[in-house]
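Novice: A single structure is presented below for examination.
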Amino acid sequence: MPIQLSAAVVPPPRRRRKAYRPPEMLLNLHVLDLMEVSGSQMRAASSLSMHQTTVSRSYWELAEQFRLQPVRGPRKVCRWGVSSSLRFLRLASRAHRLEDGRLRLATDALHQVLLDGLPGVLQVPPCFHPAGDWATLVAQGVIDGAIVSSLCHEQELAGGELPHWPGVKVLPLGTLPLQLVAHQRWADVWEEQVLLPAAQVMPLLHGQLEPCIDNLERASRVWQDPQAWLEQLHLRPVAVPICPALAPRNWWQEQGLVPVAPQLSMQEQVWLLLPEELQAPAAGKATLRVIQRRAFRAVARGDWALLEALEMVGAGQEAEEEAVA
């Protein structure tokens, strides 16, 4: 799931574009938006290559000017404060990005590859959020779009049905199969321990796995980046879900990942959430078409992309050797 693709998998952009920089008057808002998407001042600071105290000072300056009050209690998006004037400021910030041909798009570690390497995408740190929270981030103007799994939705929808949120349009990108994988060094000793984002974040994934897997471990909130999840697979006998169609099969094998629990059959719907009133320029529309093509190619691979168990791979190689002999 949370695996970062290598540079060899994602083709580099044809030409280097000048880095986008928000107007000076919108810099504090830019910092706040990254706090909202990434979920913390620390991750926002890392993404912006700033010290955390600088991020904190930037936020409190904005909070004083717009009378923002952080929301106490359970974690949720837009918890640093919202107001009508702040939303209009965010819409102005979005207009500036669009005029430059850029879109601020976000997703989680599972689907980050759909955005990697696109020059028209302003990258933000991948993060796991419930589907409704992604919709809030889009509707409030924090981001210009999000790639979201149906497994993050609070309830299962009927076949072909799409969710509805005020101010947000939902484009279906197709259905992808999922697999549980572990590192091959632990495959023989794996005892049905699966690492997942919290049930509040991916409730339908937990619903699929709870009847057949006894040990579902809630992942730490700090494990948002793909590399953090890959490290956990190397360190101990745990499994995570992945979308194998999002990368070539040999790439997964190069990482030493093998499927476990082959009796499980899992899948997800993938959605692209966009603002209802979005008027993307030609460059922005081209970027969205590339994302759709990437998703459609992965959907077309479907079950053919599923990884084979280690012993099956070995048996296939032996058969080939015998045939050659």
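The values are calculated or read from the model by the stated rules, or taken from the named source; none is laboratory data. The model shown is predicted, which means the values in this text are computed figures rather than measured ones. Using ideal geometry, Cβ is built from the backbone for each residue, glycine included, and neighbour counts are taken over all protein chains shown. These area figures cover heavy atoms from the full protein model, side chains too; ligands, DNA and RNA do not enter into them. Shrake-Rupley method; radii C 1.70, N 1.55, O 1.52, S 1.80 Å.
Novice: Would you mind telling me which residue in R294, R43, R67 has the biggest mean-square fluctuation in a Gaussian network model of the chain, where springs connect alpha carbons within a distance under 10 angstrom?
Specialist: Comparing R294, R43, R67 in a Gaussian network model of the chain, the most mobile one is R67.
Novice: Which value, in debye to the nearest 20, describes the size of the charge dipole of segment 178-222 about its Cα centre when Lys and Arg Cβ atoms bear +1, Asp and Glu Cβ atoms bear -1, and nothing else is charged?
Specialist: Taking the Cα centre of segment 178-222 as origin, the dipole is about 280 debye.
Novice: Hey, can you find the accessible area per residue of the chain for me, probe 1.4 Å, expressed in square angstrom?
Specialist: 50
Novice: At 7 Å along Cα-to-Cβ for each site, give me the label-to-label distance between V189 and R297 in nm.
Specialist: Going from the V189 label point to the R297 one covers 3.9 nm.
Novice: Under a no-solvent Debye model with one identical scatterer per Cα of the chain, what's log10 I(q)/I(0) at q = 0.08, 0.16 Å⁻¹?
Specialist: Log-scaled intensity ratios, in q order: -0.39, -1.43.
Novice: Which residues in segment 242-281 have a backbone N closer than 12 Å to a point placed 7 Å from the Cα of C212 along the Cα-to-Cβ line?
Specialist: What the label zone holds, given the 12 Å backbone N cut-off, is 260-267.
Novice: So for the pair H96, W304, with labels modelled 7 Å out along Cα→Cβ, what separation do we get in nm?
Specialist: Going from the H96 label point to the W304 one covers 4.6 nm.
Novice: Then there's this: Given the options V142, V299, V222, state which has the largest fluctuation in a GNM of the chain using a 10 Å cut-off (strictly under) for Cα springs.
Specialist: It is V222.
Novice: Could I ask something else about it? If you average the alpha carbon positions of segment 165-203 and of segment 257-304, how far apart do those two centres end up, in angstrom?
Specialist: 14
Novice: Quantify, in whole percent, the carbon and sulfur part of the accessible surface of the chain (1.4 Å probe; protein heavy atoms only).
Specialist: 52
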